[in-house]
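Read the structure below first, then the notes.
The values are calculated or read from the model by the stated rules, or taken from the named source; none is laboratory data. Computed from a predicted model, the values in this text were never measured in an experiment. Heads up, the Cβs are rebuilt from the backbone with ideal geometry, glycines too, and the neighbour counts pull from every protein chain shown. Accessible surface is based on the protein model in full, side chains and every heavy atom, while ligands, DNA and RNA are left aside. Shrake-Rupley method; radii C 1.70, N 1.55, O 1.52, S 1.80 Å.
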Amino acid sequence: SQQGEEDPQALSIQEGENATMNCSYKTSINNLQWYRQNSGRGLVHLILIRSNEREKHSGRLRVTLDTSKKSSSLLITASRAADTASYFCATDRGSTLGRLYFGRGTQLTVWP
Amino acid sequence: DVKVTQSSRYLVKRTGEKVFLECVQDMDHENMFWYRQDPGLGLRLIYFSYDVKMKEKGDIPEGYSVSREKKERFSLILESASTNQTSMYLCASSFYRGGNIQYFGAGTRLSVL
């Protein structure tokens with residue numbers, strides 16, 4: 001069953017604009033992760049934010065986490081055409097055993 | 001770099017055939033996973049394994065089995081392939097002390113005719 005629910009389902013922007021994707025979840029978590037998937041390929045891990053963190057940066061990526069609202073956002077600044085991909089959030093539902101629960105993803109298209 | 005290798009990128013099989021999808025990881029990860037991905041449905045977990053010879057059912061195990069005889073290899077078996085098993089299959093592995101970050105293979109696109 002799905003844990004994360006990303007929105008929007010699809011996002012279309014121009015190069016240079018910022019892209020914001022959101023993720024909501026329903027249970028307690030130890031951490032929340034974001035992954036990227038290029039068309040027809042496997043997922044690639046982008047960033048992990050722990051439940052006691054509120055914000056994390058990695059290059060052009062900024063992730064926020066609000067555990068009171070059970071939500072997270074992924075911001076990609078100054079988007080490039082190469083950022084075109086699907087983006088998924090994943091949570092552990094509070095377990096340390098290793099299983100992750102993925103959302104259905106946001107399809108981001110960045111037009112040159 | 002962690003490498004997760006799936007044996008085939010594309011596979012075409014006939015209904016009723018027994019199908020083996022192989023996955024190998026080179027980082028001594030304890031955990032390994034098999035997902036299928038279908039448009040609009042996201043990633044659905046079929047089976048996972050925490051250790052050699054250990055397996056746990058995911059959300060959609062029906063019609064599938066798995067084998068993990070060695071730590072680095074996790075095989076997904078379709079006992080009798082059906083057309084509704086046409087999908088993209090993704091293998092992943094993770095190291096529990098690493099925050100359970102999952103590393104994915106490139107995927108196998110299976111078509112069952």
Where Lys and Arg each count +1 and Asp and Glu each count -1, what net charge lies around B:S80 among other residues with Cβ under 13 Å from its Cβ? 0
Out of B:G63, B:G99, B:G16, a Gaussian network model of chain B with alpha-carbon springs under 10 Å gives the largest mean-square fluctuation to B:G99
Keeping all protein chains in the complex and leaving out DNA, RNA and ligands, what accessible area do you get for B:E56 with a 1.4 Å probe, in Å² to the nearest 10? 80 Å²
Nonlocal amide H pairs with A:T109, under 5 Å, H built at 1.01 Å: A:L11, A:S12, A:I13
Counting other Cβ atoms within 10 Å, keep those with at most 14, restrict to DSSP loop, and tell me which trypsin sites (Lys or Arg not before Pro) in region B:28-113 are left. B:K53
Which cross-chain or sequence-distant (5 or more) residues have an amide H under 5 Å from the amide H of B:E17, H modelled 1.01 Å from N in plane? B:A81
First compute the accessible area of region B:23-113 with a 1.4 Å probe, then give the percent of it belonging to carbon and sulfur atoms. 52 percent
Quick one: Karplus J couplings for region A:87-92, per residue in order, coefficients 6.51, -1.76, 1.60, θ = phi - 60°, nearest Hz, x for Gly and Pro? 10, 10, 9, 8, 10, 9
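Would you mind calculating the relative contact order of chain A from Cα pairs under 8 angstrom and at least 6 residues apart, reporting the percent as a whole number?
Relative contact order here is 39 percent.
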Where Cα atoms sit under 24 Å apart: lysine pairs in the protein assembly as shown separated by 8 or more or lying on different chains: 21
Mind telling me which of A:R93, A:R60, A:R50 comes out most flexible in a GNM of chain A, alpha-carbon contacts under 10 Å? A:R60
Regarding chain A, what is the average projected area of its C-alpha convex hull, in nm²? 6.6 nm²
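Please work out the average accessible area per residue across chain A, using the 1.4 Å probe convention, and give it in Å².
On the way: 5220 Å² over 112 residues.
For chain A, the per-residue accessible area is 47 Å².
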Peptide-level mean, for B:35-44, of C-beta atoms on other protein chains within 10 Å: 4
Average partner chain C-beta neighbours within 10 Å, per residue of A:97-110? 5
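For the protein assembly as shown, take the alpha-carbon Rg, divide it by the Kirkwood Rh, and send me Rg/Rh. Kindly include the intermediate steps, with their values, before the conclusion.
Numbers: Rg = 17.4 Å, Rh = 17.9 Å.
Using Cα coordinates only, the ratio equals 0.97.
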So how far apart, in nm, are the two label points at A:S51 and A:T64 if each is 7 Å from Cα heading toward Cβ? 2.2 nm
